[in-house]
Amino acid sequence: MASATLKKNYRCSQSLQQFYSGGPFVVSSDGSFIACSCGESIKIVDSSNASTKFTIEAESSTITALALSPNDKLLFSAGHSRQIKVWDLDTFKCLRSWKGHDGPVMGMACHGSGGLLATSGADRKVLVWDVDGGFCTHYFKGHKGVVTSIMFHPDVNKSLLFSGSDDTTVRVWDLLAKKCVAVLEKHFSAVSSMAVSEDGWTLLTAGRDKVVNLWDLHDYRCKSTIPTYEVLEAVCVVYSGSLFASSLGAFLQQSGKKKSRSTGIYFITAGERGIVRIWTSEGAVFLYEQKSSDVTISSAEDEDSTRGFISAVMLPLDQGLLCVTADQQFLFYSPAEHLEEKWSLKLTKRLVGFNDEIVDMKFLDEEEQYLAVATNLEQVRVYDLSSMSCSYVLAGHTDTILCLDTSISSNGRRLILTGSKDNSVRLWESERRCCIGLGIGHMGAVGAVAFSKKCRDFFVSGSSDRTIKVWNFHGLSDDIEEPISLKAKAVVAAHDKDINSLAVAPNDSLVCSGSQDRTACIWRLPELVLVVKFTGHKRGIWCVEFSPVDQCVITASGDKTVKIWAIADGSCLKTFEGHTSSVLRASFLTRGTQFVSCGADGLVKLWTIKTNECIATYDQHEDKVWALAVGKKTEMLATGGSDAVINLWHDSTAAEKEEAFRKEEEGVLRGQELENALLDAEYTKAIQIALELRRPRKLFELFSELCRKREAGYHIDKALHALGKGEFLLLFEYIREWNTKPKLCHVAQSVLFRAFNILPPTEIIEIKSISELLEGLIPYSQRHFCRIDRLIRSTFLLDYTLLRMSVIEPATQDDLKTKSLLHSEKNEEDALLTDNAEEDQKQVSEEQKPKASGKKRKSHKSGDHSRSHKKVKDSSTHANTAAVPSQA
């Protein structure tokens, strides 16, 4: 068998995060995304896979109202802070904000033209705002309670505004007349939802008084009252051209229930019962009612707590119906395709807005398509990883599920095993989504379960009662209606404290248990006879697992270490340290040559056993990572923890190797282009390639060569004009490094000078992190200029020394004013002629003096000789001094 390739890296490909905490939400006009309130922020969620596109930190308090403009360009939000904000969904920036209500804003709606925004608040007011200007255009008062719902007439040509309140009334406001034109009083409880018929002349209102009222907008009288016998939270009109209406009409026509000329209005209601019902205004009867609710009810909820649906909307473009539950789930419905027998709704997708704490998870099969997740609830949620939607929910336990395991039975059925705080274990069949086996016998919460690996006809369970039980489910039939009571065939008091983890050997001969008593034990199956006991951890053991190829066991402990033990003698083979807190899960990879671990520090680590090396660490969680699942096909990972986040990880070793090879190949080609550009003296192209390849040394050589050219400024400017903002940022980073070295600072200062001459200050400020770059440039630049200043001052000492040695003569102020470079040679000749004339005149006057004595004559000769030397010296000095400015 070929050796497995070691994994070098994993990449987080998908993530399921909390995106809805209850409250307002709004669907885009094309149904592609949903804006949801999530605490103090707004999440923009992709409706296809529940991924969060963007998070807007909108408020310092809870969001209470949301609305979208008709073109989905603007998002309006308001919260308990009473601040109304307008967000640009292209840049996700707040365009403007204002305050208008004296209390929290409870409802919000945008006009079909996009120019007006209506808000209703707890201050009993209804206000209409100009979207562009942010000023109030209408101020309506009249309600005696909190105004909870508000809606413009869908026909933009009809200037009507509807508002529903806790005072059981609905008011109709005329925007042109700026007054209330009607007060609709037929409800006996708060009005929760409103809708307008397709023709625009019938208003439907639903309330918590369990009725739907239909109002004629011609004279504002109540046409009919339809009792629903359910507290309603939403009413939606089914338009005639939609898929709902056509499929329902076809079924009614086929069954003979529909009249030839029916003028009734189809509408949908949703409420506390968690079922969808479709009604017709003719006869006030429902045409369809769901047999059972898709809403999962927690057994811990009180009888008076909110259940069922809290809202429902018809999705645009015939995408179906969206219902939102009280436990933050988005249910998508569409009509069933086969209508031979009866019309029905099909649940096409379930997006879970909040998962609570992730306790355990396992892949359902080898294809890694489904993931079974145990959260801090009584149900198991099975996710379809292609859409990250919850395919179905398994409900039956009466308390929180603590652990689960999955397996495929000998006859090909996908099975799920769960252990709960209700002291029971349940066996589920995935295809039929029902419980087929129930094991009762533990005296404490069941904290660990494990399927057999080879025979797949039994499982083991461990509990806080410190016992291990072996359960046999061999012979269960496929057509079980009710769960069969399972019997334990072996029991052992295994540990002194709670049992946290169990694992069955690949050949089903052994089972390993890990406990809070800091020990792990190997037991022989099926008698549960103790084989060996592992002692050495200083804290409780959270996870145990058998190696797939070797006779060893891995354990993860609260003492921040992972250990590998030999089954033969119980000795510790290796110890791995690296986590900064308790290690909660560990699992083998790559045929037992590697393993992955996760812990309470929120880290996921990848280890190579042979080298004892942690080769990768991932920090994608913000809290404890309780759950770890490893796929069998590609060994993809799934992690979940206390932060209610599920991350999916794919092996990226081969992809990164291929990417590195591609980049290397591309780098070689670009390097050749750089050399060709140098040979052709195309410095602009060469500089661009050097920046692209991140070669600062080559870039410095190019600029140095440009600085040595005759027209250096022109060439440097030409090269800099071709650079973009990102390239300028990289260039400034290199200049900052060059500027720190005296040998390289001259080129750095030259390029920096030309760059600041080219770029206007406004563009320089826009460069990312320019302030940090300038902070690194200024001190060294000051140091370089100070050094140059000291060198210039040092040259004054040389001038003074030469002057005192009579090598040069001091230049007068008149000479400095008259000298110039253009006339240096003429001034040089005039100076020589003047000096020669003065010397001749002095010599004549000396010769005319009387000779006093021989001694004087002797001295005169020696002085004459010295003067001749001085004359020669002075003439040479004049020549040298005249040559200096010409060279300068």
Sequence-separation-based contact order of segment 400-470, relative, with Cα cut under 8 Å and 6+ spacing, percent: 27 percent
Positive-end residue, segment 656-786 charge dipole about Cα centroid, Cβ charges, pick of 684, 785, 728: 785
Label-point separation, residue 634 to residue 54 (7 Å along Cα→Cβ), nm: 3.0 nm
Exposed chymotrypsin sites (Phe, Trp or Tyr not before Pro) absent: longest stretch of the chain, with sites in DSSP loops and at most 12 other Cβ within 10 Å deemed exposed: 230-888
Rel. contact order, % - alpha carbon contacts under 8 angstrom, at least six apart, the chain: 6 percent
Average accessible area per residue (Å²) across segment 354-509 - probe 1.4 Å, nucleic acids and ligands excluded: 37 Å²
Residue pairs, from the table 8/454; 605/632; 362/574, whose Cα atoms sit over 25 Å apart: 8/454; 362/574
Selection of trypsin sites (Lys or Arg not before Pro), segment 682-741, meeting DSSP coil and at most 11 other Cβ within 10 Å: 694, 708, 710
Distance from segment 102-137 to segment 441-494 (C-alpha centre basis), Å: 60 Å
Percent carbon-and-sulfur accessible area, segment 481-569, ignoring ligands, DNA and RNA, probe 1.4 Å: 47 percent
Under-14-angstrom lysine pairs by C-alpha in segment 18-185, whenever the two are 8 or more apart or on separate chains: 14
Unit charges on C-beta of K, R, D, E only; dipole of segment 479-568, Debye: 600 debye
Average accessible surface area per residue within segment 100-179, 1.4 Å rolling probe, Å²: 38 Å²
Reachable aspartates and glutamates from residue 453, criterion Cα separation under 20 angstrom, eight or more residues apart if same chain: 360, 365, 366, 367, 368, 405, 429, 508, 527, 545, 550, 635
Relative contact order [Cα under 8 Å, 6+ residues apart], segment 656-786, whole percent: 20 percent
Sparsely packed trypsin sites (Lys or Arg not before Pro) within segment 36-114, loop by DSSP, other Cβ within 10 Å at most 13: 73
Förster radius 51 Å - calculated FRET efficiency between residue 239 and residue 774 (Cβ-Cβ, nearest 0.05): 0.25
DSSP-loop trypsin sites (Lys or Arg not before Pro) across segment 611-672, with at most 16 other Cβ within 10 angstrom: 632, 633
Percent accessible area from carbon and sulfur atoms, segment 50-107, protein chains only, probe 1.4 Å: 47 percent
Calculated Kirkwood radius over Cα pairs in Å (choose from (i) 28.5; (ii) 29.7; (iii) 35.3), label: (iii)
Partners for residue 223 among aspartates and glutamates (Cα-Cα distance below 12 Å; same-chain residues under 8 apart left out): 282
Computed E for residue 793/residue 99 - FRET, C-beta separation, R0 51 angstrom, nearest 0.05: 0.20
Probe 1.4 Å, protein heavy atoms only - accessible area per residue of segment 656-786 in square angstrom: 62 Å²
Dipole magnitude of the chain about its Cα centre (Cβ charges: Lys, Arg +1; Asp, Glu -1), debye to nearest 20: 2600 debye
Gyration tensor verdict on segment 578-648 (Cα atoms; rounded if a/c is under 1.5, prolate if a/b is larger than b/c, oblate otherwise): oblate
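The values are calculated or read from the model by the stated rules, or taken from the named source; none is laboratory data. Computed from a predicted model, the values in this text were never measured in an experiment. Reconstructed Cβ throughout: ideal geometry from the backbone, glycine too, with neighbour counts over all protein chains shown. The protein model used for the area step is the full one, side chains on, heavy atoms only, and it has no ligands, DNA or RNA in it. Shrake-Rupley method; radii C 1.70, N 1.55, O 1.52, S 1.80 Å.
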